[in-house]
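To start, the structure under review is shown below, and the notes come after it.
The values are calculated or read from the model by the stated rules, or taken from the named source; none is laboratory data. In this text the structure is predicted, and so the values were computed from the model without any measurement. We place every Cβ from the backbone using ideal geometry, glycine too, and count neighbours over all the protein chains shown. Quick note on the areas: whole protein, heavy atoms, side chains included, nothing else; ligands and nucleic acids left out. Shrake-Rupley method; radii C 1.70, N 1.55, O 1.52, S 1.80 Å.
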Amino acid sequence: MSGDPSKRVQNLVVQAQVNEYLAAQLEPKRSDMQALHGMIRELLPNGRLWFLDGKDENGKIVSNPNIGYGSQSRPYADGRIREFYQIGISANTTGISVYIMGLEDKKYLAEMYGNAIGKATVTGYCIKFKGLSQINVDVLTAAMRAGIAQTSA
């Protein structure tokens, strides 16, 4: 196997964190998140896998843990460029959030997919729903595909 050994170790650590996070979810959320994980891996088969534990640099919890997929470079106003994921998923208290990051038009998701997706809340970059049975999975997949297309270099 070629490549940087430290990157391979890092990838194994991230995969272990993702597996642990998914396994820690209660049913039916666990099965839904595992299904989403598989769907997104199919959409981004060579995409980078991320795991963010939801803690800031001081160890304070600032968000729900989340799994990210793919990679994009985002410029900031101060000129810095930061790498971040394209698609993310996270368990929340009422269900699951799917993040489609980097969309320029913050009305795009709601306008294009909001009416067709089913029982979900759609914001500028997030689609939140109780479970996969509540939504049209084909519409969710189309939204993720569109987000990936818009943020791929």
Check your understanding: What longest range of the chain stays clear of loop-exposed GluC sites (Glu not before Pro) (DSSP non-H/G/I/E/B, at most 12 other C-beta within 10 angstrom)?
Key -> 1-56
Exercise for review: Please find, in a Gaussian network model of the chain (springs between Cα atoms separated by less than 10 Å), the residue of 56, 138, 78 whose mean-square fluctuation is greatest.
Suggested key: 78
Revision key, fill the gap. Accessible-area order for 76, 21, largest to smallest, probe 1.4 angstrom, reads 76, 21
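Normalised by the residues of the chain, what does the relative contact order come to in percent, with Cα pairs under 8 Å and at least six apart?
Contact order relative to length: 17 percent.
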Revision key, fill the gap. The answer for the chain, counting only DSSP H helices whose Cα atoms cover 18 angstrom or more along the axis and whose Kyte-Doolittle average is 0.0 or greater, is 137-151
Exercise for review: Please report, to one decimal in angstroms, the Kirkwood hydrodynamic radius of the chain built from all distinct Cα-Cα pairs.
Suggested key: 16.3 Å
Exercise for review: Work out the count of Lys pairs in the chain where the Cα-Cα distance is under 30 Å, with the pair 8 or more places apart or on different chains.
Suggested key: 25
Practice item. Could you provide, to the nearest whole Å², the per residue accessible area of the chain with probe 1.4 Å? Key: 59 Å²
Check your understanding: Using a Gaussian network model of the chain with C-alpha springs under 10 Å, which one of 133, 71, 97 is most mobile by mean-square fluctuation?
Key -> 133
**Study point:** For the range 91-102, Karplus couplings with θ = phi - 60° (6.51, -1.76, 1.60), whole Hz, Gly/Pro x
**Key:** 7, 10, 4, 9, x, 9, 10, 10, 9, 10, 8, x
Review point. Could you give the distance between the Cα centres of the range 58-131 and the range 16-51, to the whole Å?
Key: 15 Å
